[in-house]
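Since the structure comes first, as structure tokens, the remarks are kept for the end.
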Amino acid sequence: MKEACLTTPEIEKRLREAGVNATAQRIALCRFVLCDADHPTVEQIKEWADANFPKISLATVYNTMHTLEEARLVRSFQFPHCDKVIYDNTLEDHYHLCDRKSGKIIDIPLEAVQFNQSVLGEYQIDSADVVFFGEQT
Ligand SMILES: [Zn+2]
């Protein structure tokens, strides 16, 4: 189970704090995104929702994800040259490794990557996006 995984009452509380009704649909969506899914796109979330809640609309999925992001339960990001938004339930800063074969996205801790500070010159860097691409050997 992921560290970010919350219990149903915790999810309800967070949703209420964000000013949203904690409907069964929203709670289930939260559980999927926070606990079961791994860097899902909105399409993957919708696919899951369709299988579990046939009447959930794409708008509800988008709205719920927007709410979760505002409630700081998930972050979203886009890879360069890719228009797909990916949701991430790992809230600490980290980098990613994208498996070219499976499309799986793996979290890489910041400490795993070292930069030569001198190439950054006099810039104080406040954020960085690093994506590694590769295949398992
Ligand atoms: Zn991640």
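Summary table
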| item | result |
| --- | --- |
| Proximal lysines to Lys55, defined as alpha-carbon separation beneath 19 angstrom and excluding residues fewer than eight positions away on the same chain | Lys46 |
| Between 0 and 90°, nearest 10: helix 58-70 axis offset from the chain longest Cα axis | 60 |
| Full-extension gain in nm, Asp38 to Ile106, via 0.36 nm per residue minus C-alpha separation | 23.6 nm |
| C-alpha long axis of helix 8-17 to longest principal axis of the chain, angle in ° | 80 |
| Residue-count net charge about Leu97 - beta-carbon cut-off 11 Å; Lys, Arg +1, Asp, Glu -1 | -1 |
| Order of Val119, Val131 - criterion: other Cβ atoms within 10 Å of each residue's Cβ, fewest first | Val119, Val131 |
| Length added when fully stretched, Gln124-Phe53, from 0.36 nm per residue minus Cα-Cα | 20.9 nm |
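Rule-based calculations on the coordinates, nothing more; no lab input. Here the structure is a predicted model, which means the values were calculated and not measured. All Cβ positions, glycine included, derive from the backbone under ideal geometry; neighbour counts span all protein chains shown.
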